[in-house]
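Step one of this worksheet: look at the structure below.
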């Protein structure tokens, strides 16, 4: 039970106007007026953001709750349209958008697509319609002939400044950056459609979907007319057209398989795409409009994890590390382009993707300062940037025992403009000289500037192989000496928790003296008496630069294990020798933080910032800076309404870097 359960909830306050927020209300993104908070309203607010940020309509082009006249038999009735885009000159409705509750189905008698189609027929100026429940979004176009009016499904409606011919993706310039949850919902729609219309096991469906994602990325790297597209109404609605779509996707996938960096990735899968043409064309229709290469790491990452999670996660102690924890860790380490970065328990690639995007953004900022137009690079300028980004990506590596997770991580990196072969399916705890030669050439002991990891942990997945255990100091028995120190014994333990071995393994890959580790560990290692020798080993071999204690909500509702993030620097051999000779460690400062809030409650629901009186804080002016921020900024999430997600981790990273910088002066 949360500590606020028994308190009287006071109304929130808009700290820009000092106006008290009416109970149960939120601020509308378009008008700034208070509207009733509901699931349907949340859908509308997200779509309002989509209209401005993806379709480039100005707020002045958009109306909410406009009234229209529609025929009901022989009578005309007044209806309220939740959202409408208006024609610039005549101020008449051009696009009608029916926003409904997430539980409403398209075929519903009330508020279904039939009602929207009727609106389009009766409102003369309207040319396009859109029906959305936040999860599923359907588009319609109206064409008036001499004797009748036809309304039919299409892929999209025009962006600002486009005409009706632009609704099919025949030009790469029409690709747009995904915002909010739109790509997430597109992935979910594809997932639901596949399960309802195609069939197959969860894992088989995932890998077939992955093939199509690879084809999408491949298409974005090419020039000329897009192949990953629905080019006309026939390809959208007729079987012969759908077959043509699948043929093009098959061609793209064959090109993917010919790439040297993807060698072996799909060896265990069917040579072609098993989905039928209807399923392929549906997936293409949902994803074609988005520019995967330029969309943000968060938008793509959240969408991708939604599909990967139910299929691959959690079988052997693997869980996605929450994105805010990963971002905090990466920002505290603050890697520079060219640094060698490694995650020995990479899973689906959370740490390495964020690290890659972090250094990519540093390169982007450097190049941006030289661009003729800082907001839009020329083709040559962007090519030069991507070449440097790809070069930096060659220094990022990941390994994992689970080959399926490694393949998923490769797709994750490819979606983020990399995937150049630094990921390998090997047992990271085994001796490096037993790894395949190709892996040994890329990853060596004492060679990494940064190691980042959230290793699998738990008593149920202990390591009991003597061949592995004998290589680790921490797998031996340890005894306490008379001077309260610890010494390693010769005998091995029968089995060890993997997280203990991973501490030693991670440190062994760091460059002595300079290499830094960011690792998520269960608090038991940091507090239980039985692990005192582990803490002693850490202090002998590393400086503890930071310790961030995370609340129990961090990994809930999946697991309630209490965890911390440690930032360590590996000591050089000379440092250890000097300390051994002096009998004491050299003094240094350790940053410590005890985090109480990570942006969500125990059920995974968002929590929002409140003032000292318990009133929810609303600052609408913070939304634009948040949207325009980069991964380097790592700001708390701000909703379109101005509500601020109550997450202390951005502040922890900021404070750590400020203190670190002050100590270096």
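One line per residue, one yes/no per condition, for (1) at pLDDT 95 or above; (2) exposed (fewer than 14 other Cβ atoms within 10 Å of the Cβ); (3) in contact with a strand residue (DSSP E or B) (Cβ under 9 Å, 6 or more places away or on another chain):
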{"site": "581", "(1), (2), (3)": "no, yes, no"}
{"site": "592", "(1), (2), (3)": "yes, yes, yes"}
{"site": "615", "(1), (2), (3)": "no, no, yes"}
{"site": "631", "(1), (2), (3)": "no, no, no"}
{"site": "636", "(1), (2), (3)": "no, no, yes"}
{"site": "646", "(1), (2), (3)": "yes, no, yes"}
{"site": "656", "(1), (2), (3)": "yes, no, yes"}
Task: Among the residues listed as 266, 292, the single one being in contact with a helix residue (DSSP H, G or I) (Cβ under 8 Å, 6 or more places away or on another chain), part of a loop (DSSP other than H, G, I, E, B), at pLDDT below 95 and not assigned by TED's automatic domain parsing to the domain that holds residue 213 - done: 292
Task: residue 556 being in a helix (DSSP H, G or I), under 33 Å from the mean Cα position of the chain (by Cα) and assigned by TED's automatic domain parsing to the domain that holds residue 461 - done: no
TODO: Could you check, for region 135-154, whether at least one of its residues is under 26 Å from the mean Cα position of the chain (by Cα), in contact (Cβ under 8 Å) with a residue 40 or more places away in the chain and in a loop (DSSP other than H, G, I, E, B)?
DONE: yes
TODO: State yes or no: is residue 88 under 19 Å from residue 162 (Cα atoms), in contact (Cβ under 8 Å) with a residue 12 or more places away in the chain and crowded, with 19+ Cβ neighbours inside 10 Å?
DONE: no
Task: In region 173-191, the residues that are farther than 12 Å from residue 292 by Cβ and either in the same structural domain as residue 137 (by TED's automatic domain parsing) or in contact (Cβ under 8 Å) with a residue 24 or more places away in the chain (or both) - done: 174, 179, 180, 181, 182, 184, 185, 188, 189, 190, 191
Open item on the list: Yes or no: region 574-585 includes at least one residue that is in a loop (DSSP other than H, G, I, E, B) and either in contact with a helix residue (DSSP H, G or I) (Cβ under 6 Å, 6 or more places away or on another chain) or outside the structural domain of residue 447 (by TED's automatic domain parsing) (or both).
Closed with: yes
Task: Neighbours by Cβ (under 6 Å, 6+ apart or cross-chain): first from region 471-485, farther than 12 Å from residue 502 by Cα and assigned by TED's automatic domain parsing to the domain that holds residue 428; second assigned to a helix (DSSP H, G or I) and at pLDDT 90 or above - done: 478/533
- [ ] Tell me which residues, restricted to region 118-138, are at pLDDT 90 or above, over 15 Å from residue 93 (Cβ atoms) and surrounded by fewer than 19 Cβ atoms within 10 Å (Cβ to Cβ).
- [x] 138
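Of 316, 331, 366, which residue is out of contact with any strand residue (DSSP E or B) (no Cβ under 9 Å at 6 or more places or on another chain), at pLDDT 95 or above and farther than 17 Å from residue 567 by Cβ? Don't jump to the end; show me each part of the working.
Working: 316 fails: at pLDDT 95 or above; 331 fails: farther than 17 Å from residue 567 by Cβ.
From the options 316, 331, 366, the qualifying one is 366.
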Open item on the list: Which of the strands (runs of 3 or more DSSP E) found entirely inside region 387-478 contain at least 3 residues meeting this: in contact with a strand residue (DSSP E or B) (Cβ under 6 Å, 6 or more places away or on another chain)?
Closed with: 396-400, 450-453
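The values are calculated or read from the model by the stated rules, or taken from the named source; none is laboratory data. None of these values were measured; they are calculated from a predicted model. All Cβ positions, glycine included, derive from the backbone under ideal geometry; neighbour counts span all protein chains shown.
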